[in-house]
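J.: Structure in structure tokens, see below.
The values are calculated or read from the model by the stated rules, or taken from the named source; none is laboratory data. Note that the structure is a prediction, hence the values are computed from the model and not measured. Cβ placement follows ideal geometry from the backbone for every residue including glycine, while neighbour counts extend to all protein chains displayed.
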Amino acid sequence: MSPSYPDSSSITDMLSQAVEAAKIGAQAQAERASQTVEVEVAEGRVRVSANLVGKVTVAIVDPRALRLGAEALGEEITAGVNAALDKAREESGTPGEIDLAGLSEKMEQLQQESAQKLRGFMDGLSASHEQIVRTASERLGGGN
């Protein structure tokens, strides 16, 4: 039975795919983090913008919003900020999102397969070494 040697091209391909997926994921997260979403509250009188980085801007687009009073206006702005942040988080889960759990699982699988193939390689190397020693010993012993 011949030893099973690892297929280095398949390991290299799997590593390349994992690295590429991680790069795509990082790029997508950076792009999404900079995208701004906008919501309106107080019957369209206040506009709130937010992104995943946590940058929030509030604009009172209609001066009638000031008639709400400080407490009511504060509540509207708070509701708008929360709604904008929720919308930003929701939009970050759009199709094309990198499945980090799946990537992690794939990397773990790769690690296990690599360790298994390395053990097979080392076992084959050890068996070859034993065969060389045995053959050399037989030749030396048979020639005397």
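J.: Mind listing whichever residues of segment 92-105 are part of a helix (DSSP H, G or I) and either among the hydrophobic types (A, V, I, L, M, F, W, C) or at pLDDT 80 or above (or both)?
T.: 100, 101, 103
J.: A further question on this structure: State whether one or more residues within segment 33-45 are at pLDDT below 90 and in a helix (DSSP H, G or I).
T.: Checking segment 33-45: at least one residue is at pLDDT below 90 and in a helix (DSSP H, G or I).
J.: Continuing with this model, one more query. Quick check: is even one residue across segment 43-61 under 32 Å from the mean Cα position of the chain (by Cα) and over 14 Å from residue 84 (Cβ atoms)?
T.: Checking segment 43-61: not a single residue is under 32 Å from the mean Cα position of the chain (by Cα) and over 14 Å from residue 84 (Cβ atoms).
J.: Spot the failing condition for residue 59; the list is (1) surrounded by 15 or more Cβ atoms within 10 Å (Cβ to Cβ); (2) of a type outside the set (Val, Ile, Thr); (3) under 29 Å from residue 79 (Cβ atoms), and only one is missed.
T.: Of (1) surrounded by 15 or more Cβ atoms within 10 Å (Cβ to Cβ); (2) of a type outside the set (Val, Ile, Thr); (3) under 29 Å from residue 79 (Cβ atoms), only one is false for residue 59: (1).
J.: If you don't mind, there's one more thing I want to ask. For residue 141, work out the one condition from (1) small (Gly, Ala, Ser); (2) within 30 Å of residue 17 (Cβ to Cβ); (3) modelled with pLDDT under 85 it doesn't fulfil.
T.: Status for residue 141: all satisfied but (2).
J.: A further question follows. So residue 52 clears everything in (1) assigned to a helix (DSSP H, G or I); (2) under 30 Å from residue 16 (Cβ atoms) except one condition, right? Which one?
T.: It fails just one condition, (1).
J.: Of the conditions (1) surrounded by 16 or more Cβ atoms within 10 Å (Cβ to Cβ); (2) without any contact (Cβ under 8 Å) to a residue 12 or more places away in the chain, residue 19 fails just one. Which one is it?
T.: For residue 19, the exception is condition (1).
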